[in-house]
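Reviewing the structure listed below.
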Amino acid sequence: MPAHAIDVVPSGAARRGRSAFNLRENFTCSTAALESYAFAQWEPVIYDAMVVAASIEYADRSFPRPKLGWSREFTVRVPVLEPLRWTDRAVYDTLQDAASFLTGDSRTFEFVLRNGETPRPPQDCLQFSITTDAVMAFSDGMDSRAVAGLTAQALGRKLVRVRVGSKVGGRPEPGETLPFAAVPYNVKASGETSARSRGFKFALISGIAAYLAGASEIVLPESGQGIFGPALVTSSAQAYPDFRSHPLFTMRMERVLAALLKRPVRFVFPRIWSTKGETLKAYAALS
């Protein structure tokens, strides 16, 4: 199993014998995008959580998997504002379990004290006069549009859509008070294309949005084939099952979010026992 040691650094180089995840060069955090999440008082742990997720993504996308086999071993040192919070056994163990289970890699974290101010949105409260019940990761695909439409039929504007697609179409017009948000950070990395960590990124961002909006549920738009199929049928003999939308992974992310943010949130699958065709047919039947 190839082993890689990574230091997350604000700028500059890593310690000798380790690779650097340079936040100045390889990590972009948009405070403008963060404003759409600031339904409640902003907390520094949110920024630290994004850096931790970004370190998982950087490691996953930067180091090629072995030609014979799948797993890699990562040791990552991450600076955070509250090291004791992250080294608490409930937080550390659930984080390690979820990240390793999703990507099929072995992961060890070291949390050290971060110096400097925490980036934050310039305002503490987005002017929503409604209660948020659920959050959903929204792309430009048919599943997202169909399930968002079906869910909004029941919840209306109590559904927050976290946009994970890149297209402009479907976004609210300027000044329109639709609960619609964007992923607030981006990681620059290359070298490995399997990118299983994308599931961790979207699950965490949805969890952060649910936490700040006071929502109790995170809606996953996949139909049954999209939930179970990738875990049942792998792309090659050596590939690890793909659990990105599987309840076995979201169950682990529920534990991470509950331990870290001290508030329970539940991932729900409203179309888990439907085919994609049945979901689209139900959506097309809406007025």
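The values are calculated or read from the model by the stated rules, or taken from the named source; none is laboratory data. As the structure is a computational prediction, the values presented were derived from the model and not from experiment. Cβ coordinates were reconstructed from backbone atoms using ideal geometry, including for glycine residues, and neighbour counts include every protein chain displayed.
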Conditions (1) among the hydrophobic types (A, V, I, L, M, F, W, C); (2) surrounded by fewer than 17 Cβ atoms within 10 Å (Cβ to Cβ); (3) out of contact with any strand residue (DSSP E or B) (no Cβ under 9 Å at 6 or more places or on another chain): number failed by Ile227: (2)
Sole exception among (1) hydrophobic (A, V, I, L, M, F, W, C); (2) in contact with a strand residue (DSSP E or B) (Cβ under 8 Å, 6 or more places away or on another chain); (3) at pLDDT 85 or above; (4) not in a loop (DSSP other than H, G, I, E, B) for Ala215, by number: (4)
Asn186, sole failed condition from (1) within 29 Å of Ser30 (Cβ to Cβ); (2) among the polar types (S, T, N, Q); (3) out of contact with any Ser or Thr (no Cβ under 9 Å at 6 or more places or on another chain): (3)
Number of positions in the range 251-282 that are part of a loop (DSSP other than H, G, I, E, B) and surrounded by fewer than 16 Cβ atoms within 10 Å (Cβ to Cβ): 6
Close pairs from the range 84-100: first at pLDDT 95 or above, partner among the acidic types (Asp, Glu), Cβ under 8 Å, at least 6 apart: Trp86/Asp48; Ala99/Asp105
Residue identified as at pLDDT 90 or above, crowded, with 24+ Cβ neighbours inside 10 Å, assigned to a helix (DSSP H, G or I) and not polar (S, T, N, Q) among Gly207, Gly149, Gly199: Gly207
Which listed residue is under 27 Å from Ala181 (Cα atoms) and at pLDDT below 95, from Ala40, Ala59: Ala40
Filtered residues of the range 251-287 (kept if farther than 29 Å from Tyr211 by Cβ and polar (S, T, N, Q)): Thr275, Ser287
Count - residues of the range 82-106 that are buried (at least 19 other Cβ atoms within 10 Å of the Cβ) and farther than 19 Å from Met251 by Cα: 1
Residues within the range 43-69 that are over 20 Å from the mean Cα position of the chain (by Cα) and surrounded by fewer than 17 Cβ atoms within 10 Å (Cβ to Cβ), tallied: 5
Long-range neighbours under 7 Å by Cβ, at least six apart or interchain, first residue free of Cβ contacts under 8 Å to residues at least 12 places away in the same chain within the range 241-268, second of a type in the set (S, T, N, Q) and assigned to a helix (DSSP H, G or I): none
Among the candidates Ser106, Ser129, Ser71, residue that is modelled with pLDDT under 85 and polar (S, T, N, Q): Ser129
Residue within the range 139-146 that is under 25 Å from Val45 (Cβ atoms), of a type outside the set (S, T, N, Q) and buried (at least 19 other Cβ atoms within 10 Å of the Cβ) present: no
